[in-house]
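Written out below as structure tokens is the structure these notes cover.
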Amino acid sequence: MTVRSRWASAATLAMAAAVLAACGAGAASSTPADGKIKVVASTDVWGSVVRAVGGDDVSVTSIIDDPTKDPHDYEVQPKDTAAVAGAQLLVSNGIGYDDFFAKATATVGGGKPSVVAFDVSGKQKTDDTNEHVFYDLPTVKKVADKIAADLGAIDASKKAAFDANAKAFDGKLDDLIAQIGKLPAGKKVVVTEPVANYLLAAGAIADATPKAFEEAVEAGTDIPVAAVAEATALIANRQVDALVNNAQTETDLTNQLKSKAAAAGIPVVDVTETLPAGTTDYVGWIGKEVDALSKALVKQ
């Protein structure tokens with residue numbers, strides 16, 4: 001289990017800015033000798049979508065590339081800025097989730113083709129908009145299609161292949177959407193963090209977590225005592241069907257909630273916000289989580 005901090009301090013952000021400034025912004029993108037299009041993604045989740053669309057014709061670098069790195073407080077390294085500077089296509093989440101990537105992109109200058117998932121989604125930003133749009137499969141389909149279009153614009157000779165790959169990927173997502181639609185509707189869960197809430201909503205699964213609890217988690221502030229007590233009671237009194245836990249963020253409170261769930265016979269379903277170690281396939285990753293959720297809820 002990995003313990004990850006949820007937000008960066010002002011000093012951390014200042015340090016990241018200094019690192020970026022030191023890297024310089026003059027590097028130009030170039031086509032590698034192997035002819036592959038150089039793509040840089042903010043996280044391995046979006047990098048996996050790029051690989052699904054680009055296949056062997058892309059070379060993908062993901063800045064957040066293992067479960068111990070947290071997009072919320074990641075400090076950009078010189079190698080990251082160099083990668084962004086040399087990229088032919090950039091892919092990120094947006095809506096503040098991966099601000100480090102936006103800073104790196106701004107440092108090396110604009111003008112590069114860029115796919116920002118939240119912007120592609122068509123969603124409107126509000127105070128309570130969920131930033132984890134990589135769990136919203138219709139958005140992921142739109143991103144895949146935009147990636148195919150941008151890759152095709154970079155190398156028109158391979159446009160047909162990119163479009164075909166995106167269509168095949170979209171078909172797999174449609175299968176997942178159908179699978180999610182078969183989840184037991186009307187069930188209720190408590191979440192340790194609203195990472196997979198788009199998926200839950202698509203399956204008509206109610207998030208019963210106190211709003212104050214989720215807002216505090218997302219803001220990186222102390223969770224109100226009353227909200228903790230309410231969430232704990234929902235589990236201890238078996239008023240929910242499962243606890244959906246972000247396995248990449250372990251705290252005393254998440255451990256307490258998992259213990260309460262175990263004592264009450266409430267299943268715990270682990271989800272992640274980046275790819276688990278050893279995983280490279282987006283569809284396989286989400287599919288396993290949907291399977292785990294389905295098995296947990298069917299038992300209740």
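Observations, loosely collected:
- For segment 223-274, trypsin sites (Lys or Arg not before Pro) meeting the loop criterion (DSSP other than H, G, I, E, B) and having at most 15 other Cβ atoms within 10 Å: Arg238.
- Per residue, the solvent-accessible area of segment 179-300 (1.4 Å probe, heavy atoms of protein chains only, all protein chains present) comes to 43 Å².
- Shape call, the chain: gyration tensor on alpha carbons, a/c limit 1.5: oblate
- Local electrostatic count, Glu215, Cβ distance below 10 Å [Lys/Arg +1, Asp/Glu -1]: -3
- Rounded is the label for segment 52-119, because the ratio a/c of its alpha-carbon gyration tensor axes (a ≥ b ≥ c) stays below 1.5.
- Once you reduce segment 62-84 and segment 228-300 to the center of their Cα atoms, the two points are 27 Å from each other.
- Remark on Asn246: its backbone amide H falls under 5 Å from those of Thr192, Glu193, Val271, a criterion applied only to residues 5 or more positions apart or on other chains, H modelled at 1.01 Å from N.
- Distance cut-off 17 Å, percentage of C-alpha pairs in segment 209-287 lying past it: 51 percent
- Listed pairs Lys38/Lys79; Lys36/Lys159; Lys36/Lys112; Lys103/Lys123; Lys125/Lys172; Lys38/Lys172 exceeding 19 Å between Cα atoms: Lys103/Lys123; Lys125/Lys172; Lys38/Lys172
- Under 5 Å from the amide H of Thr61 lie the amide H atoms of Val39, Val40, Ala41, each residue being 5 or more positions distant or on a separate chain, with H modelled from the backbone and absent for Pro and chain starts.
- Most fluctuating residue given options Asp222, Asp174, Asp98, as computed from a GNM of the chain linking Cα atoms under 10 Å: Asp222
- Using a Gaussian network model of the chain in which every pair of alpha carbons under 10 angstrom is joined by a spring, one finds that among Leu173, Leu275, Leu253 the greatest mean-square fluctuation is at Leu253.
- Full-extension gain in nm, Lys159 to Thr279, via 0.36 nm per residue minus C-alpha separation: 40.5 nm
- Spin-label pair Ala236/Lys167, simplified geometry with 7 Å Cα→Cβ offset, distance in nm: 5.7 nm
- Prolate/oblate/rounded label for segment 159-204 (Cα gyration tensor, a/c 1.5): oblate
- Percent accessible area from carbon and sulfur atoms, the chain, protein chains only, probe 1.4 Å: 54 percent
- Full extension of the chain between Ser259 and Asp291 gives 9.3 nm of extra length, using 0.36 nm per residue less the Cα-Cα distance.
The values are calculated or read from the model by the stated rules, or taken from the named source; none is laboratory data. Just so you know, these numbers come straight off a predicted model, no measurement behind them. FYI the Cβ positions are ideal-geometry reconstructions off the backbone, even for glycines, and counts take in every protein chain you see. These accessible areas exclude ligands, DNA and RNA; they are computed on the full protein's heavy atoms, side chains included. Shrake-Rupley method; radii C 1.70, N 1.55, O 1.52, S 1.80 Å.
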